[in-house]
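Student: Input: one structure, supplied below.
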Amino acid sequence: MKSLSRNLLMGAILAALPMSGALACTVSQWTGAKTAVDADAKLPAEVGTYNSRYSGSCGLVLGSSGDYVGDNHPANDSTYNARFYVFPELSGGSAEVFGAYTADDGGGSQPISISYGSGQFTFNVGGASGNVAAAAGKWYSIEFAYDAAADTFSATVGNSTFSGSTVGVALTNVSLSGTIGDVAAIESARLGWIASAGTGRIIVDEFESTRGVAIGRLRPGDANGDADCSVADYNFVRDDIAAKLELFFGGSNTTALAAGQPDCNEGGQTDVADYTCLANRIGTDLNNQFDGIPGNETECAEAL
Amino acid sequence: MNIVKHLLVAAVAISLSSAALAARDAEQELGASLAKPAAVADANQTLLITVGSAGKSQIAGIDFQSDGTATALQFAVLLPKGVKGVNADDCVSGLPSNFSGKCFVSNDKSNVAFVIYSAGGEALPAGMQTIGSISFDSASKAAAGQMKVGGLEVVAEKGKKLASAAKVVGVD
């Protein structure tokens with residue numbers, strides 16, 4: 001089935017920036033002003049218990065404030081959508097994880113700021129703000145739509161609700177429509193641990209942006225990256241566990257990391273719990289595909 | 001004999017005889033869904049649903065014929081319309097100990113989804129392998145003719161998809 005995130009109008013895509021290159025983890029594809037370096041982009045085994053990435057091989061792991069990557073693709077965009085994944089691992093303080101600005105390289109004013117701290121994401125847009133509760137130690141998708149001319153901003157924070165025999169996604173919305181009071185168009189964006197002091201780490205991954213087109217979540221459990229949850233993904237979940245262990249213990253790395261999203265339950269690491277999670281997602285998809293109820297089909301147990 | 005025990009006996013009987021029934025099936029056309037698909041002849045992986053009645057219930061034995069390369073499979077058993085109750089307690093009870101399986105009854109009782117895999121990447125043994133059985137409340141003698149299999153996908157190591165086919169046969 002089609003992946004929503006791959007169903008974008010090509011002309012609307014601003015940026016889809018990974019934390020890896022052909023051979024290694026790197027931030028080289030982020031061409032805006034940045035303070036993060038290639039060494040901040042890491043493989044899963046380089047960060048201990050947790051995976052450093054949500055999808056693909058590498059994610060950006062930041063241990064202190066003032067480390068970020070920058071994107072200058074926006075060009076006076078009055079409509080600006082972005083989606084990224086963040087793994088907040090803070091035991092105290094807060095971290096600004098995303099910012100959008102009215103000039104290149106973080107210059108001008110800052111219409112959009114997204115921070116994490118005290119168990120919640122905080123969205124500051126223009127003069128308005130909103131919060132979404134989110135426990136630390138999980139992967140969250142954050143997607144927002146900003147329309148400077150219409151003076152609207154809406155965001156959705158998503159995380160797997162895998163538990164026992166059920167699985168799905170909890171999507172929490174925050175809308176600041178009509179209260180922003182800032183009509184500035186976007187010229188650049190930053191992602192990472194941009195500002196604010198805290199204790200712990202911030203991991204970010206899978207940033208995409210568009211001009212007014214919804215992006216959507218990647219499919220959790222789609223370990224082989226074919227935009228579909230099926231039994232074919234089991235091999236890749238298993239290999240991802242093996243590959244991380246090989247890397248972690250310093251042996252020869254003969255097994256490839258999963259190219260997709262093996263952390264089915266979005267708990268922060270690929271492990272045997274993801275087998276059960278994947279079964280639940282596949283079973284849910286099959287039930288919904290054949291139940292004769294029009295319009296309730298799912299992929300990886302999430303709405304199409 | 002209580003109904004539960006009767007169903008269990010029926011399930012065993014169906015499961016044990018499913019290989020023989022497969023041969024008989026070629027001569028026993030029980031409805032459109034039983035017409036032998038062309039793929040059956042070519043596929044080395046065949047899912048076999050054998051349906052029989054036990055009082056007012058129907059019981060479906062689920063077996064899988066493989067060539068010894070299948071490491072995981074998924075499918076949905078589409079039940080006849082109007083089913084109100086499904087018992088899936090034994091849906092994967094026949095799997096080898098190195099395999100895991102779960103089944104999921106849809107909310108409207110229209111289908112039962114199966115997901116079967118080996119966490120260690122082992123393959124199911126070659127030959128006929130019992131997966132388990134389900135039962136549902138339908139007094140129709142033609143239940144098998146109203147049943148189908150959907151979404152069958154069988155994979156080998158490295159996630160390689162294998163050619164596969166499914167058959168539903170009745171024993172009444």
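None of the figures in this text is laboratory data; all of them are computed from the coordinates on show. Because the structure is a prediction, the values reported are computed rather than measured. We place every Cβ from the backbone using ideal geometry, glycine too, and count neighbours over all the protein chains shown.
Student: Based on other C-beta atoms within 10 Å, arrange A:Thr284, A:Thr254, A:Thr26 from fewest to most.
Tutor: Result, fewest neighbours first: A:Thr254, A:Thr26, A:Thr284.
Student: If you take the charge dipole of chain A about its Cα centre, with +1 on Lys and Arg Cβ and -1 on Asp and Glu Cβ, which of A:Gly59, A:Ala279, A:Pro74 is farthest toward its positive end?
Tutor: Toward the positive end, the furthest listed residue is A:Gly59.
Student: B:Asp89 to A:Asn131: FRET efficiency via 1/(1 + (r/R0)^6), r the Cβ-Cβ distance, R0 41 Å, to the nearest 0.05?
Tutor: Efficiency, from the Cβ-Cβ distance: 0.35.
Student: Using the Kirkwood radius over C-alpha pairs as Rh, can you work out the diffusion coefficient of chain A via Stokes-Einstein at 37 °C, viscosity 0.692 mPa s, in µm² per second?
Tutor: 169 µm²/s
Student: Quick check on the exposure proxy: order B:Glu122, A:Glu266 from fewest to most C-beta atoms within 10 angstrom.
Tutor: Least crowded to most crowded, the residues run B:Glu122, A:Glu266.
Student: So, one more: Give me the Kirkwood hydrodynamic radius of the range B:91-172 in Å, from all C-alpha pairs, to one decimal place?
Tutor: 14.7 Å
Student: Related question: Taking θ as phi - 60°, what are the ³J(HN,Hα) couplings along the range A:220-229 by the Karplus curve (6.51, -1.76, 1.60), each to the nearest whole Hz, with x for Gly and Pro?
Tutor: With coefficients 6.51, -1.76 and 1.60, one gets x, x, 6, 5, 8, x, 9, 6, 9, 9 Hz.
Student: With Cβ to Cβ distances under 13 Å as the rule, what net charge do the other residues near A:Leu191 carry (K, R +1; D, E -1)?
Tutor: -4
Student: Separate question: On C-alpha positions alone, give me the angle between the axis of helix A:273-290 and the longest principal axis of chain A, in degrees, nearest 10.
Tutor: 90 degrees
Student: Where nothing but the Cβ of Lys and Arg (+1) and of Asp and Glu (-1) is charged, how large is the charge dipole of chain A around its Cα centre, in debye to the nearest 20?
Tutor: 220 debye
Student: Hey, if you put +1 on the Cβ of every Lys and Arg and -1 on every Asp and Glu Cβ in chain A, which of A:Thr26, A:Leu257, A:Tyr140 ends up farthest toward the positive end of that dipole?
Tutor: A:Tyr140
Student: Expressed as a whole number of Å, what is the distance separating the alpha-carbon centroids of the range A:65-126 and the range A:136-162?
Tutor: Using only Cα atoms to place each centre, the spacing works out to 12 Å.
Student: Angle between the Cα long axis of helix A:233-248 and the longest principal axis of chain A, 0 to 90 degrees, nearest 10?
Tutor: 80 degrees
Student: Averaged over all directions, how much area does the convex hull of the C-alpha atoms of the range A:177-298 cover when projected, in nm²?
Tutor: It is 12.5 nm².
Student: Sticking with this structure for a sec: Which whole number in µm²/s is D for the range A:233-303 by Stokes-Einstein, with the Kirkwood Rh taken over Cα pairs at 37 °C and 0.692 mPa s?
Tutor: 246 µm²/s
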